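Comments concern the structure below.
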Amino acid sequence: MSESPVLSARGLEVDFRVRGGRRARAVDGVNLDLAPGEILALAGESGCGKTTLARTLLGLVRPSAGTVEYAGAPLPTNSAGLKAYRRSVQLVLQDPTGALNPRHTVYEAVAEGLRIHGITDNERERVARALSHCGLRPAERFFLAYPHELSGGQRQRVVIAGALVLEPKVIIADEPVASLDASVRGEILALLLRLREEFGLAALVVTHDLGLAWSIADRLAVMYLGRIVESGPTEQVLTAPQHPYTRALVSVLPDSPVGAPLVLTGEPPDVTQIPVGCRFHPRCHALASGAAEAAGVAMHCRRAPLPVLGAEPDRHSVACHLHAASSSASGAA
């Protein structure tokens, strides 16, 4: 990726206080770059920190440490600056039914962002253009419709139009097709790809579905317990996954390169008690199977902390003791 990133994070940490005054670290040292026109998928199980990271990039959550930059400048901290920033970086929510006010017409839903940002010229034309770009044509036919009168796919198109009407540079989409039927999912993914081609939009797509990442993303970052554990070009990560966690996720996909499904045992650890060493080691099949022991890294997996992955968009990066040992052995050979 030769272009300067439109959105980036460096050393990002987000802590929350939970019952008993304990600290829960939802995001732990994330480095991320998003280039203009790029689609980056952020994948992982529920509770891994994906949505918290997305909300922090939007300025909805203040980081405990680290920085977020847009177009090379730090994210504003005052309300006026954040308001201007959010015109350029828009959120598309998972559930279109919940995102749309049932008492507002489609026109009002799409025009709301324009009114919030004080954009008063050519409102009707802007709304019609956004709806048309999102495949709702003729746009005027939908102006007076209410959300309950639309299909799930149409509601999601309205939500996307509400973001697009502000002519953003970046869209952050949180599980954009999770609530849709399989027959509609492909249409919405195709729409996002088309908007990227037409407007040069960059997108961060938060998902638990690696099939979606394969369909739409240029790059993939896999997150576990607040950390990115593997990242790189999507095809490389999904056809040759290296981290045991990524391998387990990929193993359940059709025609998986991993072979037999690798079942993840147990639940992710409590974020207030992140394991020492590799945070994945209590659930790691490479450790349980003896592969890590055979490579001489079992103790490292249990005790030695791993370095945080840097933002290296063109590189396939992995935070894993076993992978590091295997790479060193291959290099020595």
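Bear in mind these aren't lab numbers, they're just calculated from the coordinates by the rules spelled out. Because the structure is a prediction, the values reported are computed rather than measured. We place every Cβ from the backbone using ideal geometry, glycine too, and count neighbours over all the protein chains shown.
A few comments on the model shown:
- Counting neighbouring beta carbons within 10 Å and listing from fewest to most, the residues Tyr146, Tyr85 come out as Tyr146, Tyr85.
- About its Cα centre, the chain has a charge dipole of approximately 900 debye under the convention of +1 per Lys or Arg Cβ and -1 per Asp or Glu Cβ, with nothing else charged.
- This model, with +1 at the C-beta of Lys and Arg and -1 at the C-beta of Asp and Glu, gives segment 235-332 a dipole about its Cα centre of some 300 debye.
- Gyration tensor verdict on the chain (Cα atoms; rounded if a/c is under 1.5, prolate if a/b is larger than b/c, oblate otherwise): prolate
- Positive minus negative residues near Arg126 (Lys, Arg vs Asp, Glu; Cβ under 14 Å): -3
- Note on Lys83, Lys50: ascending count of other Cβ atoms within 10 Å places them as Lys83, Lys50, the fewest first.
- Dipole-positive endmost among Gly21, Ser8, Ser46 within segment 1-49 (Cβ charges, Cα centre): Gly21
- Taking a ≥ b ≥ c as the square roots of the eigenvalues of the alpha-carbon gyration tensor, segment 1-110 is classed oblate because a/c is 1.5 or more while a/b is no larger than b/c.
- Scanning residues 5 or more positions from Val61 or on other chains, those with amide H under 5 Å from its amide H are Thr56, with H placed 1.01 Å from N in the peptide plane.
- Sum of -39500 (n - 2.57) over DSSP H runs of 4+, divided by residues of the chain (222 nm, nearest 500): -10000 deg cm²/dmol
- Helix axis angle, 106-116 relative to the chain longest principal axis, alpha carbon, degrees: 80 degrees
- Counting only DSSP beta bridges with both residues in the chain, the antiparallel share comes to about 55 percent.
- Residue exposure proxy: Phe16, Phe143, Phe280, ordered by other Cβ atoms within 10 angstrom of their Cβ from fewest to most, comes out as Phe16, Phe143, Phe280.
- Simple label model, 7 Å out from Cα along Cβ direction - Arg124 to Ala24, nm: 4.9 nm
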